[in-house]
Every structure is written in C-alpha cells, then in structure tokens.
Amino acid sequence: MDKLQIDGGAALVGEVRISGAKNAALPILAATLLVDGAVTIGNVPHLKDVTTTNELLGRMGASVSVDEKMRVTVDASAAIDCVAPYELVKKMRASILVLGPLLARFGHADVSLPGGCAIGARPVNIHVAGLQQLGADIRIENGFIKARATRLKGARLVLEAVTVTGTENLMMAATLAEGTTYIENAAREPEVVDLANFLNVLGARIHGAGTDTIVIEGVRKLHGGCYEVLPDRIEAGTFLVAGAITRGRVRVRDMRPDHLDAVTAKLREAGAAVTIGDSWIEVDMRGKRPLAIDLRTAPYPAFPTDMQAQFAALNTIADGVGTITETIFENRFMHMLEMRRLGADIHLEGNVAIVRGVSRLTAAPVMATDLRASASLVLAALAADGCTDIERIYHIDRGYECIEEKLRGLGAKIRRMPA
Ligand code: EPU
C-alpha cells in the first residue's frame, strides 16, 4: 500500500487545471445502461472509482473502451447481466447507481447491498422506497437488493430526506417509465443537473433539475450521443484551501466558479483575497494567517460535506476558534483525530468539532480513513513543520486525479512511496 510523504512549509503558488467531477462521472457512466446505443463521455477523471465503474459495466456485458484522451465509450445495447456483485459494490458504494437504470431498461436488477462506510451508515432506503412507488417489486435477500418490474410507472415521489445518489437513481429510473414522475425534495447538486443534461442529450425529457422538484416525462428509449462531464467543484475547493492553508496564491482553472459560492464565501471569511473569473477562481493568502471560521454542512447550495474536512484543516492553523458542524453524515470526523496527531487542538462534541487554531502543526505519521479525510490530511501536512507520512493513501486515488503531480506543480514537496 502506497503512502504519501510531504515536507510541509512551502507556500503553494501557481495555477492548476481542474479535472472532471467524480460524482458526476459515476452516475453518468451508470446511466449508459439506460441507452440503446453507444455513448461517448469526455472529461472523465482518471480515478479508481471510475475504473471500478467501468469494470462493473464490463462485467455486466456492456462494451467499454477508453481512448487516449480518457474519453469513455460505453455501449450497453447487447444483452446485459443485471447483477452488481458484492466484490465491486463493497469497493464503491456508488455502484448502487446501476439499480435504477437496470430496473427501468431490463425489468430486473440484483444489486448487492452496500455495507457500512467509514463516514456513516449511509442507508439506501429512499432509493428503494422510490422505486417501489414507481411500481417495482423489491426484496432484500442474501445481501442483495432484488428488484423486478414490468414497465415502471410515473408517480409523485416526495423524498424523505435530500439524497444525491437517491435523486439520481430515481431520475434515471423514471426516464424510461410510462408517464410523468415528479421528484420532490430532490437534491439540487450540480452533479444531479449534469446527469439530467446528459440524459436529455440522449432523448430524455427532464425539467427542473437544480431545483427541489424534478419532473421527468418518461420516454420509450434513449439513443446514443456524446457528453462532457462538468468540472469537479470539490477538487477545485480542495486546491483553493491548499493555497490558503500554505499562505500562498493558487488559481484553479477550467472550472465553474458558481458551483463554489458557499466555499468562496468561507475563504473570504478566513481572510483570503478571492478573485473570480469566468472559469477560474484565485485565492491569495500571502503574508496572512487565516482566521478561524464557523461552518455547518448542508445540501447544495449550502456548504458541502465534501469540503468539511479541508476547512477543518484550515481552522487548525487559523487565528481563533472555529466551530464545524456536520449535519449530513454521522461519523465524518475521523480526520479530526488524525489531525490531533499533528498537534491540532480539536474538541469533539457529537457532530460538532471545536477547533482552536495553533500557530504551527508538526509532522507525524497519520492514516487516511476516507477520501475527503485523506485530502484534509494532505492539506494539514502541507502546512506542518517537518515531513509527514500519510498512510492508506489509496482512498485519495478514488477521488483526486494526479494529486501529487498537481500539488508539485504548485511547489509542494510531495512524493508517493511504497509503504
Ligand atoms: N440517506 C438516507 N437514506 C437513503 C439515502 C441517503 O437516510 O436512502 C441519508 C444518508 O445516510 C446521509 C444523507 O441522507 O445522511 C445524505 O446522503 P446522500 O444520499 O446525499 O449521499 P450519497 O448520495 O450516498 C453523495 C456523494 C458523496 C457526498 C454526498 C453528500 C456520490 C457518488 N457521492 O453520496 O460524496 O458526500 O452525496 O453530498 O455522489 C465523496 O465524494 O467523498 C462523497 C462521499
């Protein structure tokens, strides 16, 4: 298992290109199962989770090819074996995204139940209840969700809680249903909108994505086509915090600034000068110590849970005391315990972390526990005195494309070593 070794202390300066969004690419790849024809998807990030999804699609019998520009072409016109096995679902919970498409197009799906997760229980009851309302017969048997339906029928779904992949699964299923489906209390994340745009390019009729009511008029078939995945707002936000925490100046480019409004507001509160262009954001924290900020995670457009750990890292070296409240996942504070090993002063009370900024962090070996926790440890290590080893770094490869190369391009001293 590889580890990352980081010599902290260098102010990061420069510009970095943002890759395609993991959390848009994964549902879009799953949605290719709805399509009778070949679909070519560009700006797909080169990530472990994408490889796992491609493997899953391939195992089911879809033809999957990747060209030199990382464009992925999937053709699921042929017979598909509608099973998502435990060995792949346990590697990546987003495999649940094949449930809606398989059921809608083929009338059956056996998808392994995702198990526990490092950040919380993450049940899929809302996905299941929604599909049942669309007419599916669903049983949980031998650790599998076994779903059967003839043609799904449009319905009015009121989601019990805002769920991103739940909204996506139901939107995909409703695309081929008979009649109109309304998804109320839908997630408004840009990745949901990207998936809807993708499906509409292929002949779906989806309106209202990006609001809390999505209306889907079912169609008989989707046809092949081409699509470019939107840029990754969480990768962009992570690099902006890298600039701020090292008291540097970092510009992220080829991204959508409007998707990061809640994040740039917090960077400004932390004292950074933030400049925003058409497709870039620059953060400048040179010569300043960041100020502690309070934040509370919530569904989009509020502050994203996927940026919570990175801002916790920023607070560890800030001036003052900042309170971080996590409302989406019940166990997303593992990074806090690791950051304490670097000298951070953090007090945990349930879903609230009170972070008292220290003037310096000092290097120590730490362990990554999930994707965004890994990112926050990388950020803390970049700001710490001395050389930090971060173990179990495979988590970071699930969601950050070429992270060492990109950070090195900004002047970070970072290497990957066999552990
Ligand atoms: N929930 C339920 N029942 C359900 C579904 C969700 O109770 O059937 C609860 C969850 O337990 C959680 C809350 O609803 O407390 C929200 O979870 P959501 O379903 O929105 O999360 P997700 O769809 O499983 C996606 C991202 C996550 C991101 C969350 C929140 C993908 C592939 N994953 O997960 O991304 O944190 O939305 O924005 O889109 C990451 O990239 O590191 C990551 C974890």
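The values are calculated or read from the model by the stated rules, or taken from the named source; none is laboratory data. Quick caveat, the model's predicted, so the values are computed rather than measured. We place every Cβ from the backbone using ideal geometry, glycine too, and count neighbours over all the protein chains shown. Please note that ligands, DNA and RNA were not included when accessible areas were found on the heavy atoms of the full protein model with its side chains. Shrake-Rupley method; radii C 1.70, N 1.55, O 1.52, S 1.80 Å.
The condition of being more than 16 Å from the ligand (Cβ to nearest atom), among the acidic types (D, E) and touching a strand residue (DSSP E or B) at 6+ places or on another chain (Cβ under 7 Å) holds for only one of E326, E330, E282, that being E282. Taken together, the residues in region 377-406 that are over 19 Å from the mean Cα position of the chain (by Cα) and hydrophobic (A, V, I, L, M, F, W, C) amount to 7. Are any of the residues in region 104-113 open to solvent by 40 Å² or more (accessible area, probe 1.4 Å) and within 14 Å of the ligand (Cβ to nearest atom)? Within region 104-113 (the criterion being open to solvent by 40 Å² or more (accessible area, probe 1.4 Å) and within 14 Å of the ligand (Cβ to nearest atom)), the answer is yes, since at least one residue qualifies.
Conditions tested, residue by residue: (1) buried (at least 21 other Cβ atoms within 10 Å of the Cβ); (2) more than 15 Å from the ligand (Cβ to nearest atom).
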site: A149; (1), (2): yes, yes
site: K153; (1), (2): no, yes
site: R156; (1), (2): no, yes
site: A161; (1), (2): no, no
site: T165; (1), (2): yes, no
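Among the residues that make up region 223-236, is at least one of them of a type in the set (K, R) and in contact with a Lys or Arg (Cβ under 9 Å, 6 or more places away or on another chain)? Yes, region 223-236 contains at least one residue that is of a type in the set (K, R) and in contact with a Lys or Arg (Cβ under 9 Å, 6 or more places away or on another chain). Is it fair to say A94 is small (G, A, S), in contact with an Asp or Glu (Cβ under 8 Å, 6 or more places away or on another chain), open to solvent by 30 Å² or more (accessible area, probe 1.4 Å) and within 14 Å of the ligand (Cβ to nearest atom)? Answer is no for this residue.
Among the residues of region 347-398, those identified as β-branched (V, I, T), crowded, with 19+ Cβ neighbours inside 10 Å and within 19 Å of R332 (Cβ to Cβ) are V355, V366, T369, V378, I390, I393, I396. Being within 28 Å of A10 (Cβ to Cβ) and within 14 Å of the ligand (Cβ to nearest atom) is a property that does not hold for A273. In region 114-128, the residue that is modelled with the highest pLDDT out of those that are surrounded by fewer than 17 Cβ atoms within 10 Å (Cβ to Cβ) and either of a type in the set (S, T, Y) or within 12 Å of the ligand (Cβ to nearest atom) (or both) is N125.
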